1. Somewhere in region 79-86, is a residue surrounded by 15 or more Cβ atoms within 10 Å (Cβ to Cβ) and farther than 20 Å from residue 30 by Cβ?
2. Quick one: what pairs do we get from region 77-89, first residue farther than 18 Å from residue 38 by Cβ, second polar (S, T, N, Q), C-beta under 8 Å, 6+ apart or different chains?
3. Taking the stated definitions as given, is residue 52 in contact with a helix residue (DSSP H, G or I) (Cβ under 8 Å, 6 or more places away or on another chain), surrounded by 12 or more Cβ atoms within 10 Å (Cβ to Cβ) and without any contact (Cβ under 8 Å) to a residue 24 or more places away in the chain?
4. Take the conditions among the polar types (S, T, N, Q), surrounded by 15 or more Cβ atoms within 10 Å (Cβ to Cβ) and modelled with pLDDT of 95 or more and apply them to residue 10. Does it pass?
5. I'm checking my understanding of the structure. Among residues of region 107-121 that are on the phi < 0 side of the Ramachandran plot and free of Cβ contacts under 8 Å to residues at least 24 places away in the same chain, which one is surrounded by the most Cβ atoms within 10 Å (Cβ to Cβ)?
6. List the number of the failed condition for residue 93; all other conditions in (1) within 24 Å of residue 51 (Cβ to Cβ); (2) in contact (Cβ under 8 Å) with a residue 12 or more places away in the chain; (3) surrounded by 12 or more Cβ atoms within 10 Å (Cβ to Cβ); (4) out of contact with any Asp or Glu (no Cβ under 8 Å at 6 or more places or on another chain) hold.
7. Do we find a residue being touching a residue at least 24 places away in the same chain (Cβ under 8 Å) and charged (D, E, K, R) anywhere in region 63-71?
8. Within region 64-84, identify whether any single residue is in a helix (DSSP H, G or I) and of a type in the set (Asp, Glu), and answer yes or no.
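The values are calculated or read from the model by the stated rules, or taken from the named source; none is laboratory data. Quantities reported herein were computed from a predicted structural model and do not represent experimental measurements. We place every Cβ from the backbone using ideal geometry, glycine too, and count neighbours over all the protein chains shown.
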Amino acid sequence: MPGTMALDPTVRDLQSLDEDLMRSVRQRDSDRLVELFYAEDAQLLMAGRPAIQGKEAIHEFWVALFRSGLVDVKLETSRIEVDRNFAYGVGRYALTMETHPGLLQTEPGKYLVVYRRLADGRWRVMAGCFSSLS
């Protein structure tokens, strides 16, 4: 990301959301993750699956992912664009799963997130789309 964009307060807010998500995953805290990251009417879109709509369904998705062995995710947002109350971020991720006790497998992928500024000024994800590179 260009150095001048990193100084923008909105970009810093969105980068902070990425950090909150990564921290919540490492702490296996699906409640905190969903509360801090997603709007009430958010959607997750993944290849080969129906859309996951709303915070409750998104929460269930993350709980299932943790049960499946999710231990870490690293986000690297390469581009953030902001226009008033909407923004988007594009980047790559590395999702690490414990497939068997002590055996970790990392899956690289790419993502697009669309953010909306809420009435209270906080930013939340309203739509996210991600897919594996493998």
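1. The answer is yes, given that some residue of region 79-86 is surrounded by 15 or more Cβ atoms within 10 Å (Cβ to Cβ) and farther than 20 Å from residue 30 by Cβ.
2. From region 77-89, the pairs are 82/10.
3. Yes, satisfied.
4. It is false that residue 10 is among the polar types (S, T, N, Q), surrounded by 15 or more Cβ atoms within 10 Å (Cβ to Cβ) and modelled with pLDDT of 95 or more.
5. Step one: of region 107-121, the residues on the phi < 0 side of the Ramachandran plot are 107-120.
If we keep only those that are free of Cβ contacts under 8 Å to residues at least 24 places away in the same chain too, we end up with 110, 119-120.
Values: 110: 15, 119: 6, 120: 5.
If we take residues in region 107-121 being on the phi < 0 side of the Ramachandran plot and free of Cβ contacts under 8 Å to residues at least 24 places away in the same chain, then 110 is surrounded by the most Cβ atoms within 10 Å (Cβ to Cβ).
6. Result: residue 93 passes all but (4).
7. No, the conditions are met nowhere in region 63-71.
8. No, there is no match, as no residue in region 64-84 is in a helix (DSSP H, G or I) and of a type in the set (Asp, Glu).
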